[in-house]
């Protein structure tokens, strides 16, 4: 394992984050804070409790997960797309660095940025709504696992995309709607029976449900199923990335 190569890629990606603090850090925190102000403080004070939890506190895990998914995908996809766009990806491919080390460097940096943002938004939420974390270890585990999984997914999107507009198609047209329909602002038990069954085909339901369980001990789906679904999706992403480097898909063109 070439630790120097991993560290070089990782430090380069992290340095880019700190050069663009307003876009990378301040913007997601500000936009999520607006959700807390509108839904948590303004609307939440007029809403009934859900599963014995105040509405403002109930939506905290969902909003953190919404940010985590979109930022993980965005960070990882942009990180690998720019070397392809600029042509410097060939320097990486011709260097004595394995694809495992390349993936660890780029995905590790993207996941680190997402986890940092998640923790920062968690602290910001405390300013607007009171909440508790019953299972802090599991909360951190779900946070890291989700960040790594969707950073891998973003890495795939960054290789697949052949233009800047395609980098935003999946996050905006697929991931964000699935997150809003996956129990971010409500419990799926509030839906009619037919829609409850349909909603279970939404993979984001399992992420939000497991993450919310780590906060309040309540979930729409069994926590073991949530954890297993996340691991399964991560494994799928790893297999796709292995195939990409094995075949050179969009890397050697």
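So if I take the centroid of the Cα atoms in segment 67-99 and the same for segment 140-198, what is the distance between those two points in Å?
What the calculation gives is 20 Å, centre to centre.
Between residue 93 and residue 119, what's the calculated FRET efficiency when r is the beta-carbon distance and R0 is 41 Å? Round to 0.05.
On the way: r = 34 Å, r/R0 = 0.83.
FRET efficiency, residue 93 to residue 119: 0.75.
Just the ratio, please: alpha-carbon radius of gyration of segment 111-181 over 2.2 N^0.38 Å, N its number of residues. Numbers along the way, then the final one.
Details: Rg = 14.8 Å, N = 71, 2.2 N^0.38 = 11.1 Å.
Relative to the 2.2 N^0.38 Å estimate, segment 111-181 comes out at 1.33.
I'd like to know how the chain sits against the 2.2 N^0.38 Å rule of thumb: what's its Cα Rg over that expected value? It would help to have the intermediate numbers written out before the result.
Details: Rg = 18.7 Å, N = 253, 2.2 N^0.38 = 18.0 Å.
That ratio works out to 1.04.
So what is Rg over Rh here for segment 138-249, counting just Cα atoms and using Kirkwood for Rh?
Working: Rg = 15.4 Å, Rh = 15.1 Å.
Answer for segment 138-249: 1.01.
Considering Cα pairs under 8 angstrom that are at least six residues apart, work out the relative contact order of segment 3-247 and quote it in whole percent.
Details: 296 pairs, mean separation 64.0, N = 245.
Over segment 3-247, the number comes to 26 percent.
On a full-extension model of 0.36 nm per residue, what is the gain between residue 224 and residue 8, subtracting their alpha-carbon distance, rounded to one decimal in nm?
Taking residue 224 through residue 8 to full extension adds about 74.1 nm, to one decimal.
Take 166, 113 and order them by how many other Cβ atoms sit within 10 Å, fewest up front. Don't jump to the answer; show the numbers that get you there.
Working: 166 14, 113 26.
By the 10 Å Cβ count, ascending, the order reads 166, 113.
At 7 Å along the Cα-to-beta-carbon direction for both residue 189 and residue 168, put a label point, then send me their distance in nm to one decimal.
So the label points at residue 189 and residue 168 sit 3.9 nm apart.
State, as an integer percentage, the relative contact order of segment 1-118 based on alpha-carbon contacts under 8 Å between residues 6 or more apart. Could the numbers behind the result be given before it?
Numbers: 81 pairs, mean separation 52.7, N = 118.
RCO, segment 1-118: 45 percent.
Please quote Rg/Rh for segment 49-125 to two decimal places, taking the Kirkwood radius as Rh and restricting both calculations to Cα atoms. It would help to have the intermediate numbers written out before the result.
Numbers: Rg = 17.5 Å, Rh = 14.6 Å.
Ratio of gyration radius to Kirkwood radius for segment 49-125: 1.20.
In whole Å, what is the distance between the alpha-carbon centres of segment 11-39 and segment 228-253?
So the two Cα centres are separated by 28 Å.
Would you mind ranking 178, 117 by Cβ crowding within 10 Å, fewest neighbours first?
Working: 178 16, 117 23.
Fewest-to-most ranking of 178, 117: 178, 117.
If you take the beta carbon distance between residue 49 and residue 15 as r and set R0 to 41 Å, what does 1/(1 + (r/R0)^6) give as a FRET efficiency, to the nearest 0.05? Display every interim value, and only then the final one.
Values: r = 45 Å, r/R0 = 1.10.
The calculated FRET efficiency here is 0.35.
Divide the volume of the convex hull of the Cα atoms of segment 81-218 by its number of residues and quote the answer in cubic angstrom per residue. Each step should come with its number before you reach the end.
Numbers: hull volume 18.6 nm³, N = 138.
Given the Cα convex hull of segment 81-218, per-residue volume reads 135 Å³.
At a 10 Å Cβ-Cβ cut-off, how would you order 31, 74, fewest neighbours first? Please list the in-between numbers first.
Values: 31 14, 74 25.
In increasing order of surrounding Cβ atoms, one gets 31, 74.
Note down the nm distance, to one decimal, between modelled labels 7 Å out along Cα→Cβ at residue 178 and at residue 134.
Between residue 178 and residue 134, the label points sit 2.7 nm apart.
Mean separation of Cα pairs under 8 Å and 6+ residues apart, divided by the residue count of segment 142-253: what relative contact order is that in percent? Provide the component values of the computation, followed by the final result.
On the way: 80 pairs, mean separation 37.3, N = 112.
Rounded, it is 33 percent for segment 142-253.
In deg cm²/dmol, rounded to 500, what helix-only [θ] at 222 nm does the chain give when every DSSP H run of at least 4 residues adds -39500 (n - 2.57) and the total is split over its residues? Working shown, then result.
Working: 12 runs with 173 residues, N = 253.
Computed mean residue ellipticity for the chain: -22000 deg cm²/dmol.
Rule-based calculations on the coordinates, nothing more; no lab input. Everything numeric in this text was worked out from a predicted model, so none of it was measured. Here Cβ is always computed from backbone atoms with ideal geometry, including for glycine, and neighbour counts include all displayed protein chains.
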